[in-house]
1. What single numbered condition from (1) touching a Gly at 6+ places or on another chain (Cβ under 7 Å); (2) outside any helix (DSSP H, G or I); (3) among the hydrophobic types (A, V, I, L, M, F, W, C) fails to hold for I162?
2. When only residues in the range 91-102 that are open to solvent by 10 Å² or more (accessible area, probe 1.4 Å) and within 14 Å of the chain's Cα centre (by Cα) count, which is nearest to P144 (Cα to Cα)?
3. Quick check: is even one residue across the range 111-130 of a type in the set (F, W, Y) and open to solvent by less than 50 Å² (accessible area, probe 1.4 Å)?
4. Has the range 135-158 got at least one residue that is over 15 Å from the mean Cα position of the chain (by Cα), at pLDDT below 95 and part of a loop (DSSP other than H, G, I, E, B)?
5. I'd like the residue in the range 180-216 that is outside any helix (DSSP H, G or I) and free of Cβ contacts under 8 Å to residues at least 24 places away in the same chain and, out of all such residues, is surrounded by the most Cβ atoms within 10 Å (Cβ to Cβ).
6. Suppose we filter the range 157-179 for residues that are closer than 19 Å to L143 by Cβ and open to solvent by less than 70 Å² (accessible area, probe 1.4 Å); how many remain?
7. Only residues that are aliphatic (A, V, I, L, M) and without any contact (Cβ under 8 Å) to a residue 24 or more places away in the chain: list them for the range 21-32, please.
8. State which residue is nearest to G122 (Cα to Cα) when the search covers only the range 65-89 and only residues that are open to solvent by less than 10 Å² (accessible area, probe 1.4 Å) and either without any contact (Cβ under 8 Å) to a residue 24 or more places away in the chain or part of a strand (DSSP E or B) (or both).
Amino acid sequence: MTFAEARPATGHGPPDPFRRTLRGRAPQVDPTAYVAPTAVLAGQVRVGPGAVVLDGAVVTAESAPVSLGEESIVMENAVVRGAGRHPTDVGARTLIGPGAHVSGARIGAECMVATRASIFNGARVADGVLVAIGAIVHVGTVLPAGTTVPMQHIAVGDPCQILPPERAPEAHELVDRIGFTAMVFDHDTSGLDLRACMSWLCGTYSRALRRTHAES
């Protein structure tokens, strides 16, 4: 498979704000793929053969790599990111819908992540899964092949439970047991109240983001 640098941010002319090198890694795009001029690719991103990234989408590898499989599609205004110790891999012929959010997850082939759906760090989604409009696949959740997460529902855990919106407090308790900040930031904040947790989180994360972009 041959990849080419996607209009790298270094070289002749002004830097391209839509194609950025991070930590010395530039996006790589297969010659048969299409990336819209207003889509952002940043860092160690690979866009596979025949894949498509549409306008306003952001595919960023600020702290872990991202790979988009053959003929996968990232639609308008979706965000796909590698996160900490969690790379993001999107399988072949999988569609990430408009406004969807995927962070640090592995998604199989022939899946649909519909409009405004979210998949979080450490999630593993097997082949042929539907995450419907507005659904959530939470941290560390494992979805077997062929699973459907209905609209607005919440999938959490391994083995996963799929809960309707009115049972969101139960989903929140399950996420607390998994440990959201432990999964995402490798730091357990379960003993802190919300304000103390956010103080630690934003202070730590902002420092890491500043370092990443200073090294680009």
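1. (1)
2. Taking the range 91-102 first, the residues open to solvent by 10 Å² or more (accessible area, probe 1.4 Å) are 91-93, 95, 98-99, 101.
Applying the additional criterion that residues be within 14 Å of the chain's Cα centre (by Cα) yields 91, 95, 98-99, 101.
On the way: G91: 15, L95: 18, P98: 24, G99: 24, H101: 20 Å.
Looking at the filtered set, the residue picked out is G91.
3. Here is the first cut: in the range 111-130, the ones of a type in the set (F, W, Y) are 120.
Still in the running and open to solvent by less than 50 Å² (accessible area, probe 1.4 Å): 120.
Checked the range 111-130: at least one residue is of a type in the set (F, W, Y) and open to solvent by less than 50 Å² (accessible area, probe 1.4 Å).
4. Initial filter on the range 135-158 (over 15 Å from the mean Cα position of the chain (by Cα)): 142-158.
Retained after the next criterion (residues that are at pLDDT below 95): 157-158.
Keeping just the survivors that are part of a loop (DSSP other than H, G, I, E, B) gives 157-158.
Yes, that holds for at least one residue.
5. Residues of the range 180-216 outside any helix (DSSP H, G or I): 186-193, 215-216.
Among the residues that remain, those that are also free of Cβ contacts under 8 Å to residues at least 24 places away in the same chain are: 187-193.
Details: H187: 12, D188: 12, T189: 18, S190: 11, G191: 7, L192: 14, D193: 9.
Result: T189.
6. Adding up the residues that qualify gives 11.
7. Of the range 21-32, the ones aliphatic (A, V, I, L, M) are 22, 26, 29.
Passing the criteria: only A26.
8. Residues of the range 65-89 that are open to solvent by less than 10 Å² (accessible area, probe 1.4 Å), as a first pass: 66, 68, 72, 74, 78, 80, 82, 88.
Those left that are additionally either without any contact (Cβ under 8 Å) to a residue 24 or more places away in the chain or part of a strand (DSSP E or B) (or both): 66, 68, 74, 80, 88.
Values: V66: 14, L68: 17, V74: 20, V80: 14, T88: 9 Å.
Only one residue fits best here, namely T88.
The values are calculated or read from the model by the stated rules, or taken from the named source; none is laboratory data. Being a predicted model, the structure only gives us computed values, none of them experimental. Here Cβ is always computed from backbone atoms with ideal geometry, including for glycine, and neighbour counts include all displayed protein chains. The area values use the complete protein model at the heavy-atom level, side chains included, leaving out ligands, DNA and RNA. Shrake-Rupley method; radii C 1.70, N 1.55, O 1.52, S 1.80 Å.
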